[in-house]
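Engineer: Encoded as structure tokens, here's the structure I'll be asking about.
The values are calculated or read from the model by the stated rules, or taken from the named source; none is laboratory data. Fair warning: this is a prediction, and the values are worked out from it, not measured in the lab. Cβ placement follows ideal geometry from the backbone for every residue including glycine, while neighbour counts extend to all protein chains displayed. Please note that ligands, DNA and RNA were not included when accessible areas were found on the heavy atoms of the full protein model with its side chains. Shrake-Rupley method; radii C 1.70, N 1.55, O 1.52, S 1.80 Å.
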Amino acid sequence: MSVRTLPLVFINLGGEMLYILDQRLQAQNTSEDNSEKGVWSENDRRRVMNDIVGTMFNKAFMDELLKPQQLYSHRTLKTVLTRIAHASIMRLNPASMDRLYELMVMAFKYQVFLCPRPKDLLLISYNHIDTIREFVKDTPVVVNQVDETHRKIIEVYSSLSEGEFQLLRQTLLIFFQDMHVRVSLFLKIQVQNPNGRFALSTSGPVPHGTEVPGLIRTFDSKGREVRRSEFPTGGSYSSPIREGCFELHGDRIIRLGLNMYTVNHPEETHTSKAPSVKTDDTPNLLAKEELNLLARLMGSMKAENKPKAETGFRINLFTTDEEEEEAGASCGAEESLFGVINIQAMQDEQAATELARIAGQFAEQQEQPENPSGNKGDDLLAMMDDL
Amino acid sequence: MYHKEKSIQIKNSASALYNNLGVLRIAPRRLTYFTVVHANVVNMVSASWDGLNYSHRQLQSKEPNVATSTSLIMQAAFCALPSRDLLVVTSQKGIQIYESDGSIMVYWHALDTPETPTAQAVFARGISAVRENYICVGISSGAILVFDVPSKGSNITLSEVLEEHKESITDMAAECSGSQECIADLVSADDGGNLCVWKSGEEFQLLNNIPGFDMSCSSVKLWKGTVVAGYGTGQIRLYEAVTGILHAEVKAHARWIYSLDIAPFSGLLLSAAEDSLVRVWHLSMTPETNSVEVAHLHNECVTDTQICGAKFCDGDGYAFAVTGYDLSEIIRYTQT
């Protein structure tokens, strides 16, 4: 369907990922249990943010995304987002990444579902970009990257019609179809029901460009209005609020896409599966086109920041290391991921190695996890209080 | 006016696509067929009128001779011609025509897809049977393919390509009143809200071009020479097809309209939108004054659901069915 989804997908999913990581990086400082394990200093947090944002908004990477192409599978996206996260000194194991991915996707699904007009997808994206800019505001180099990407997005998407935006939105909705993971924050603020579906209100302001329903006007052959009658709408709608700003800076007006997570509510990243959820864990090999995309995207990213033993930090998304290991093991059983991948065309050998190594990571479920009381590099910080 | 009946469960949920519900009533066998699109699959249900028997079938959008390639389906619709009923499925790759029960594919037309994707997406969308022997299908470029369909067999041929629209076709509809007096046979709508009115024949003739207002027209119907069009702004507009005169404008919905349907014998109109509401209206024509009246009759709210398909199940509008994004059921309503 739409060939313009990837840039918006990465900006919004990546944005949600940064919101969650930012909340976790700050939350752990307030947790008394972990005070012995070491803290993430302000500098560490900033460094993680800069590294991830710098990788995500890397020019070559964004240029690849901006090429017209189909939206690929959850698996491909998850692989690339993992790679982006690992551009920092942070490490997430596959089970944590799976949970993180679920959170990110459900947040974006919520935003796309409730988006007032299809064109407002851009405002949602710009809300993410604005907040990302704030995260890295002390590092001009990275801010520049963000600005450059933002300008390119404005350039590419300004000319799309409403119909084309709706096609883009429909493509995203198909991508999110049947995902009903319950997120505790969404349940708490009642944007999501206990069955995992989002709440759709029949009241409130209508989108910009729409008129409040309830009126039938009849005209004669000369175009003069001859009759007007009202009908009950079954809802209580009001006039639209003013339109958000589509420029580099400005008030976006709509709230979708802003950071929903705060430091004070660490339980907000708790997820649970709705009763009958379909999970994308079919053990198929990636289609050839997807592998080519993956190869191109990896090749265009900066070299991964390989952590030395002393400085590497691992992030747990579970309360204890034991749970982390259990989850890792059980996920390994379900997800029989890539056996052999045939890499088609690669731009450079290092990227090829990186790709193979990442693919290999998913097959490493069987390996014994590190001894938590081992060397300094294994000073593990339980990041998520519970997930 | 209407009450909810027992829903029909389908194998997967409906995708968020315009006009995502096909209905074919087969009176001699006391059956109704329903089709609902889910990504690259068409879910077909055959429901007996006594409510006791349901049989399911799934069609995948797969070109013949290509083992693994699948593509997203944009629309599936029944085409009821005097001589035969067919099921047309349009996707990113092309157009497939099946026998109405989905058992055999009788025709396949591939779209020209460039090697490397261009900025514009390529797909087929907008399906209508016209008069005795035509099936018309819209393309993302704005072109309309006219297929000539024999009364039986698979010798379907591409008769003509109509190039009038500049934007992607969203929906098409043929005159459904059954009246032979109507001059206009077909109306086509596009992403810019432009409407083209056609007379069918060996060469289709453009009768009128009603300009849009830069807002996508997602669903369109043609009844007794009147075009009924639903827009992304939630508006419904009624035009006289041949002259383009605006008869009526309804501020009908708070969100994008996804589906319109007309029950030709009674003049009932059904509209459904992303705002979770389905509305029933009544259209009445006064030929003397050349006017059309629109009266609102009924609302149904499908809680928390963005509706993507709504159709009457019979020509009088006695019953209608509804599909919604992420819902794995066809919801039905019957007059009390």
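Engineer: Would you confirm whether any residue within the stretch B:260-267 is crowded, with 23+ Cβ neighbours inside 10 Å and either over 17 Å from B:M172 (Cβ atoms) or of a type in the set (G, A, S) (or both)?
Structural biologist: yes
Engineer: Among the listed residues B:D190, B:D214, B:D171, B:D148, identify the single one that is charged (D, E, K, R), without any contact (Cβ under 8 Å) to a residue 24 or more places away in the chain and within 14 Å of chain A (Cβ to nearest Cβ). Talk me through it step by step, then tell me what you get.
Structural biologist: Details: B:D190 fails: without any contact (Cβ under 8 Å) to a residue 24 or more places away in the chain; B:D171 fails: without any contact (Cβ under 8 Å) to a residue 24 or more places away in the chain; B:D148 fails: within 14 Å of chain A (Cβ to nearest Cβ).
Going through B:D190, B:D214, B:D171, B:D148 in turn, the sole match is B:D214.
Engineer: Here's something else I'd like to know. For the list (1) surrounded by fewer than 17 Cβ atoms within 10 Å (Cβ to Cβ); (2) in a loop (DSSP other than H, G, I, E, B); (3) among the polar types (S, T, N, Q), I need the number of the one condition that B:S177 fails.
Structural biologist: Among (1) surrounded by fewer than 17 Cβ atoms within 10 Å (Cβ to Cβ); (2) in a loop (DSSP other than H, G, I, E, B); (3) among the polar types (S, T, N, Q), the lone unmet condition for B:S177 is (1).
Engineer: Within the stretch A:117-159, which residues are open to solvent by 30 Å² or more (accessible area, probe 1.4 Å), in contact (Cβ under 8 Å) with a residue 24 or more places away in the chain and part of a loop (DSSP other than H, G, I, E, B)?
Structural biologist: Those that are open to solvent by 30 Å² or more (accessible area, probe 1.4 Å), in contact (Cβ under 8 Å) with a residue 24 or more places away in the chain and part of a loop (DSSP other than H, G, I, E, B): A:K119, A:D138, A:T139, A:S158.
Engineer: So, one more: Considering only residues that are closer than 26 Å to A:D120 by Cα and either hydroxyl-bearing (S, T, Y) or at the interface with another protein chain (Cβ under 9 Å from one of its Cβ atoms) (or both), which ones fall in the stretch A:206-226?
Structural biologist: Answer for the stretch A:206-226, where residues must be closer than 26 Å to A:D120 by Cα and either hydroxyl-bearing (S, T, Y) or at the interface with another protein chain (Cβ under 9 Å from one of its Cβ atoms) (or both): A:V206, A:P207, A:G209, A:T210, A:E211, A:V212, A:P213, A:G214, A:L215.
Engineer: Then there's this: In the stretch A:86-97, what residues are surrounded by 22 or more Cβ atoms within 10 Å (Cβ to Cβ), touching a residue at least 60 places away in the same chain (Cβ under 8 Å) and part of a helix (DSSP H, G or I)?
Structural biologist: Hits for the stretch A:86-97 are A:A95, A:S96.
Here's the yes/no breakdown for (1) aromatic (F, W, Y); (2) in contact (Cβ under 8 Å) with a residue 60 or more places away in the chain:
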residue: B:R237; (1), (2): no, no
residue: B:A248; (1), (2): no, no
residue: B:W256; (1), (2): yes, no
residue: B:H298; (1), (2): no, yes
residue: B:D304; (1), (2): no, no
residue: B:V322; (1), (2): no, yes
residue: B:S328; (1), (2): no, yes
residue: B:Q335; (1), (2): no, yes
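Engineer: Please find, within the stretch B:310-334, the residue that is most open to solvent (accessible area, probe 1.4 Å) out of those that are of a type in the set (G, A, S) and within 13 Å of chain A (Cβ to nearest Cβ).
Structural biologist: Result: B:S328.
Here's the yes/no breakdown for (1) modelled with pLDDT under 95; (2) β-branched (V, I, T):
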{"site": "B:K6", "(1), (2)": "yes, no"}
{"site": "B:T35", "(1), (2)": "no, yes"}
{"site": "B:N43", "(1), (2)": "no, no"}
{"site": "B:Y54", "(1), (2)": "yes, no"}
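Engineer: Grab the strands (runs of 3 or more DSSP E) fully contained in the stretch B:67-145, keeping just those with 3 or more residues being buried (at least 21 other Cβ atoms within 10 Å of the Cβ). Outline the logic, then answer.
Structural biologist: On the way: elements: B:73-80, B:85-91, B:94-99, B:105-110, B:124-130, B:134-139.
Those strands (runs of 3 or more DSSP E) span B:73-80, B:85-91, B:94-99, B:124-130, B:134-139.
Engineer: Which residue out of A:L173, A:L168 is of a type in the set (A, V, I, L, M) and within 19 Å of A:F246 (Cβ to Cβ)? Before you say what the answer is, go through the steps one by one.
Structural biologist: Values: A:L173 fails: within 19 Å of A:F246 (Cβ to Cβ).
Every option except A:L168 fails the conditions.
Engineer: Out of curiosity, is B:S200 open to solvent by 30 Å² or more (accessible area, probe 1.4 Å), of a type in the set (S, T, Y) and out of contact with any helix residue (DSSP H, G or I) (no Cβ under 6 Å at 6 or more places or on another chain)?
Structural biologist: Working: open to solvent by 30 Å² or more (accessible area, probe 1.4 Å): no; of a type in the set (S, T, Y): yes; out of contact with any helix residue (DSSP H, G or I) (no Cβ under 6 Å at 6 or more places or on another chain): yes.
Taking the combined requirement at face value, the residue does not satisfy it.
Engineer: Can you give me the number of residues within the stretch A:169-205 that are within 9 Å of another protein chain (Cβ to nearest Cβ) and either on the phi > 0 side of the Ramachandran plot or of a type in the set (K, R) (or both)?
Structural biologist: 4
Engineer: Let me ask something else about it. Does the stretch B:282-306 hold any residues that are more than 30 Å from A:N195 (Cβ to Cβ) and at the interface with chain A (Cβ under 10 Å from one of its Cβ atoms), and which are they?
Structural biologist: We begin by selecting, within the stretch B:282-306, every residue more than 30 Å from A:N195 (Cβ to Cβ); these are B:282-297.
Residues satisfying the conditions are B:T289, B:N290, B:S291, B:V292, B:E293, B:V294, B:A295, B:H296, B:L297.
Engineer: With respect to A:Q166, determine if the residue is assigned to a helix (DSSP H, G or I), within 9 Å of chain B (Cβ to nearest Cβ) and of a type in the set (S, T, N, Q).
Structural biologist: Yes: the conditions hold for A:Q166.
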